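Trainee: This is the structure I want to talk about, given as structure tokens.
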Amino acid sequence: DGGITQSPKYLFRKEGQNVTLSCEQNLNHDAMYWYRQDPGQGLRLIYYSQIVNDFQKGDIAEGYSVSREKKESFPLTVTSAQKNPTAFYLCASKSQGEAYEQYFGPGTRLTVT
Amino acid sequence: KNEVEQSPQNLTAQEGEFITINCSYSVGISALHWLQQHPGGGIVSLFMLSSGKKKHGRLIATINIQEKHSSLHITASHPRDSAVYICAVRSKTSYDKVIFGPGTSLSVIP
């Protein structure tokens, strides 16, 4: 089955610790995205990558870092510099081109205390 | 002012009712998406449209490009339709930039 997997579903961390969220896709999509969702707000773009070994900052990249060493994988690290890291994080991917839609993973709910 | 707005923010309906969720946007777009997010958090795409109307089962989506407005209709609503419905637009200037609305939380009561 093709799709996007994110793990874990729930993640708990202490303040001051870095944490890495996993995103893997087997859809052969070139582009991958990380979004953050907070209650009452639309999804906000953190980082995106249109090709391996290249990525771009989104609207709220501060305090986050990513890598894209493989086409299938786009891990997101939430660093201790992120002031308000508790949120729901969604990964998405799509084929290049205007006609294609984004496919979303199941999300990871991160709680930092 | 948000670039994509939705109304209502929350909606409770009785099973069988006809439901309408509205989306208005203020930017030039190449396409508009309607997405469904279930309580578990995963998001699925319902429609992508750039003009006119699309229908899938009990769901109908319409868009009026001139008025920068779209509606999602659910006919004969059912409790399993309970979810958050999200309108998202793809920017005309950058096909890779998607702007999401805040979502409409729908609860259908038996």
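Trainee: Between their Cα atoms, which of A:Lys71/B:Lys92; A:Lys57/A:Lys94; A:Lys9/A:Lys71; A:Lys14/A:Lys83; A:Lys57/B:Lys97 are more than 20 Å away from each other?
Mentor: Violating the 20 Å Cα-Cα cut-off are A:Lys71/B:Lys92; A:Lys9/A:Lys71.
Trainee: When the dipole is taken about the Cα centre of the protein assembly as shown, and only Lys, Arg (+1) and Asp, Glu (-1) are charged at their Cβ, what size is it in debye, to the nearest 20?
Mentor: So the dipole magnitude of the protein assembly as shown works out to roughly 80 debye.
Trainee: Here is a follow-up. Just for the protein assembly as shown, what percent of DSSP beta bridges are antiparallel, to the closest 5?
Mentor: 90
Trainee: Where in chain B lies the longest segment free of trypsin sites (Lys or Arg not before Pro) that are both loop residues by DSSP (not H, G, I, E, B) and have at most 16 other Cβ atoms within 10 Å?
Mentor: It works out to B:2-57.
Trainee: Need one value for B:42-54: mean number of C-beta atoms belonging to other chains within 10 Å of its residues' C-beta atoms.
Mentor: 2
Trainee: Counting GluC sites (Glu not before Pro) as exposed when in a DSSP loop with at most 15 other beta carbons within 10 Å, what is the longest stretch of chain A free of them?
Mentor: A:16-61
Trainee: Using a Förster distance of 25 Å, how high is the FRET efficiency between B:Leu49 and B:Thr12, based on the Cβ-Cβ distance and rounded to 0.05?
Mentor: 0.40
Trainee: If each residue's Cβ is checked for other Cβ atoms within 10 Å, how do B:His56, B:His33, A:His29 rank with the fewest at the top? Each step should come with its number before you reach the end.
Mentor: On the way: B:His56 9, B:His33 23, A:His29 20.
Ranking B:His56, B:His33, A:His29 by Cβ neighbours within 10 Å, fewest first, gives B:His56, A:His29, B:His33.
Trainee: What are the extents of the Cα atoms of chain B along their three principal axes, in Å, largest first?
Mentor: The Cα atoms of chain B stretch 44, 27, 23 Å along the principal axes, largest first.
Trainee: Which net charge results for the neighbourhood of A:Pro85, defined as the other residues with beta-carbon distances under 13 angstrom from its beta-carbon, given Lys and Arg at +1 and Asp and Glu at -1?
Mentor: +2
Values quoted throughout were computed directly from the atomic coordinates according to the rules given, and no laboratory measurement underlies them. Source: prediction; values computed, not measured. Glycine gets a Cβ as well: all are built from the backbone with ideal geometry, and neighbour counts include every protein chain shown.
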